[in-house]
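Step one of this worksheet: look at the structure below.
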Amino acid sequence: GGELVDHGGSAMLGNLDYVVAEADESDGSFLFLHPTIGLLTNIEAEHMEHYKTFDVLLQGFRSFMKDIVDRQGYLVINKDDAHLRHLSEEFPKSQIVTYGIETPAYVMAKDLQARPDGMAFTVLVDGHVKGDIELKVHGRHNVLNALSVVAMGIREGFTFESVRAGLLQFLGTKRRMQL
């Protein structure tokens, strides 16, 4: 993954019982990982030099998801992504947690605001207002990323307040085109 702005590297050691890794689908190596939670943000027609066809790319994601579900893990799915929404229908609802902005989902954002220092929005969980979140990063894609963390955090038993505090500390990653 990218280099974290606030840590000066692409990895850090924490003090919880979790290991978080960004899985890379570009060459199919994400299929060598066997996580218990799969947090999926989107599927796009990328890396076709490896996959050759979109159907083969989808099969790779299907295999990744099936491995997690078969081992009694669960999937955190961006319901705004049509490809993920379609693939998730192949798995038991009890092993799926959904998030989104546009499409009804378990965890949703409303009242998105772009501010000079980042994004702000209200979080709904199962249709009920849970609270407001502020991010120090910009963009709708980062709101979706934050919602995925909220969805996973709730499923794992973290308080909304602790997830909110953690997201507020995130300063983003350095980008390829950043000076």
> In the list 90, 46, which residue meets the criterion of being at pLDDT below 95 and either in a loop (DSSP other than H, G, I, E, B) or under 22 Å from residue 32 (Cβ atoms) (or both)?
Replying inline: 46
> residue 137 versus (1) under 18 Å from the mean Cα position of the chain (by Cα); (2) modelled with pLDDT of 95 or more; (3) more than 30 Å from residue 66 (Cβ to Cβ): which is the lone unmet condition?
Replying inline: (2)
> Could we say that residue 69 is of a type outside the set (D, E, K, R), closer than 24 Å to residue 162 by Cα and either in a loop (DSSP other than H, G, I, E, B) or in contact (Cβ under 8 Å) with a residue 12 or more places away in the chain (or both) here?
Replying inline: no
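So, in region 97-128, how many residues would count as being open to solvent by 30 Å² or more (accessible area, probe 1.4 Å) and either touching a residue at least 24 places away in the same chain (Cβ under 8 Å) or not acidic (Asp, Glu) (or both)?
Looking only at that region, the number is 13.
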> Does region 76-91 hold any residues that are over 21 Å from residue 156 (Cα atoms), more than 14 Å from the chain's Cα centre (by Cα) and either of a type in the set (Gly, Ala, Ser) or open to solvent by 60 Å² or more (accessible area, probe 1.4 Å) (or both), and which are they?
Replying inline: 82, 83, 86, 89, 90
> Looking at region 40-65, which of its residues are of a type in the set (Lys, Arg) and either farther than 18 Å from residue 85 by Cβ or out of contact with any Leu (no Cβ under 8 Å at 6 or more places or on another chain) (or both)?
Replying inline: 52
> Hey, among the residues in region 42-69 that are in contact with a Phe, Trp or Tyr (Cβ under 9 Å, 6 or more places away or on another chain) and open to solvent by 70 Å² or more (accessible area, probe 1.4 Å), which one's nearest to residue 91 (Cα to Cα)?
Replying inline: 66
> What number of residues within region 158-173 satisfy the criterion of being loosely packed, with under 12 Cβ neighbours inside 10 Å and either modelled with pLDDT under 95 or in a loop (DSSP other than H, G, I, E, B) (or both)?
Replying inline: 2
> Conditions: (1) of a type outside the set (Gly, Ala, Ser); (2) crowded, with 16+ Cβ neighbours inside 10 Å; (3) touching an Asp or Glu at 6+ places or on another chain (Cβ under 9 Å). Residue 39 meets all but one. Number of the miss?
Replying inline: (3)
>> Filter region 11-36 down to the residues that are of a type in the set (A, V, I, L, M, F, W, C) and open to solvent by less than 100 Å² (accessible area, probe 1.4 Å) and list them by number.
In response: 11, 21, 23, 30, 31, 33
> In region 7-23, is there at least one residue being at pLDDT 85 or above, more than 17 Å from residue 170 (Cβ to Cβ) and not basic (Lys, Arg)?
Replying inline: no
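The values are calculated or read from the model by the stated rules, or taken from the named source; none is laboratory data. Predicted, not measured: the structure shown is a model, and the values here were computed from it. Cβ coordinates were reconstructed from backbone atoms using ideal geometry, including for glycine residues, and neighbour counts include every protein chain displayed. For the accessible areas, the whole protein counts, side chains as well, though only heavy atoms, and no ligand, DNA or RNA atoms are used. Shrake-Rupley method; radii C 1.70, N 1.55, O 1.52, S 1.80 Å.
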